[in-house]
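Asker: Pasting a structure below so you can have a look.
The values are calculated or read from the model by the stated rules, or taken from the named source; none is laboratory data. Computed from a predicted structure; not experimentally measured. Reconstructed Cβ throughout: ideal geometry from the backbone, glycine too, with neighbour counts over all protein chains shown.
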Amino acid sequence: MTGLPILPILLAVHILSVILWIGGLAFVTTVVLPVLARLPVAQRIPAFLEIERRFGLQARVLVLVVGASGGYMLARLRLAGLMASVHGLWLDGMIAFWALFTLLLFVLEPAVLHRHVRERGARAGEATRLMLLRGHAVLLVLALIVVAAAVLGAQGVG
């Protein structure tokens, strides 16, 4: 017996983690933030922060799993050379988006964004909710572009 086929298992873990991560981003962007508009203004940002606190841990774990599984596959399949070509732009996009999200989740959010949202939210709940909605919408659009490009690129299209 040769053991478990590590690459197909890692690919499945990688894709499932991306689905949960980007699915969570989509849920927050298209459901949570719009629904918060129905709450009294003073409750909007505290409600968002509570929801984000609960989902934030999941997002951080998922982003770490995506990075670890993707990094392993990148090295194991020797795909770094592909990144230097036009045919590897999808790979560059995945890594860049992952790095951006990692920076947001592990550095900017805890160090700057939470305090800013709390302080601003206390003064301008609706404006803060709209700012969060726009930021999440930009991230979601970027995520969908990167995922579509990765699927097409991995299939040799482009």
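Asker: Given L133, L113, L108, which one is in contact with a helix residue (DSSP H, G or I) (Cβ under 7 Å, 6 or more places away or on another chain) and of a type in the set (A, V, I, L, M)? Quick ask: steps written out before the conclusion?
Answerer: Numbers: L113 fails: in contact with a helix residue (DSSP H, G or I) (Cβ under 7 Å, 6 or more places away or on another chain); L108 fails: in contact with a helix residue (DSSP H, G or I) (Cβ under 7 Å, 6 or more places away or on another chain).
After applying the criteria, what remains is L133.
Asker: Which of (1) modelled with pLDDT of 90 or more; (2) within 19 Å of V151 (Cα to Cα); (3) not basic (K, R) does M83 not meet, given it meets every other one?
Answerer: Every listed condition holds for M83 apart from (1).
Asker: Taking into account only those residues within region 28-46 that are surrounded by fewer than 15 Cβ atoms within 10 Å (Cβ to Cβ) and within 19 Å of A137 (Cβ to Cβ), which is nearest to the chain's Cα centre (by Cα)?
Answerer: Top of the filtered list is T30.
Asker: Only one of these is among the small types (G, A, S), in contact (Cβ under 8 Å) with a residue 60 or more places away in the chain, in contact with a helix residue (DSSP H, G or I) (Cβ under 9 Å, 6 or more places away or on another chain) and part of a helix (DSSP H, G or I): G81, G88, G56. Name it. Show your work before the answer.
Answerer: Working: G81 fails: in contact (Cβ under 8 Å) with a residue 60 or more places away in the chain; G56 fails: in contact (Cβ under 8 Å) with a residue 60 or more places away in the chain.
It is G88.
Asker: Pairs only if they're at least six apart or on different chains, beta carbon under 6 angstrom, first in region 140-156 and closer than 13 Å to D92 by Cα, second at pLDDT below 90; list them, first residue then second.
Answerer: A149/W90; A150/W90; G153/W90
Asker: Residues A154, A150, A124, A143: which one is out of contact with any Phe, Trp or Tyr (no Cβ under 6 Å at 6 or more places or on another chain) and crowded, with 17+ Cβ neighbours inside 10 Å?
Answerer: A143
Asker: Which residues, taken from region 128-137, are of a type in the set (A, V, I, L, M, F, W, C) and farther than 13 Å from F48 by Cβ? I'd like the intermediate steps shown before the answer.
Answerer: Residues of region 128-137 that are of a type in the set (A, V, I, L, M, F, W, C), as a first pass: 130-133, 137.
A137, the sole residue that qualifies.
Asker: Same structure, new question: I'm checking my understanding of the structure. Among residues of region 62-78 that are surrounded by fewer than 14 Cβ atoms within 10 Å (Cβ to Cβ) and in a helix (DSSP H, G or I), which one is farthest from the chain's Cα centre (by Cα)? Spell out how you get there, then give the answer.
Answerer: Here is the first cut: in region 62-78, the ones surrounded by fewer than 14 Cβ atoms within 10 Å (Cβ to Cβ) are 71, 75-78.
Then keep just the ones that are in a helix (DSSP H, G or I); that gives 71, 75-76.
Values: G71: 16, A75: 22, R76: 24 Å.
Ranking the candidates gives R76 first.
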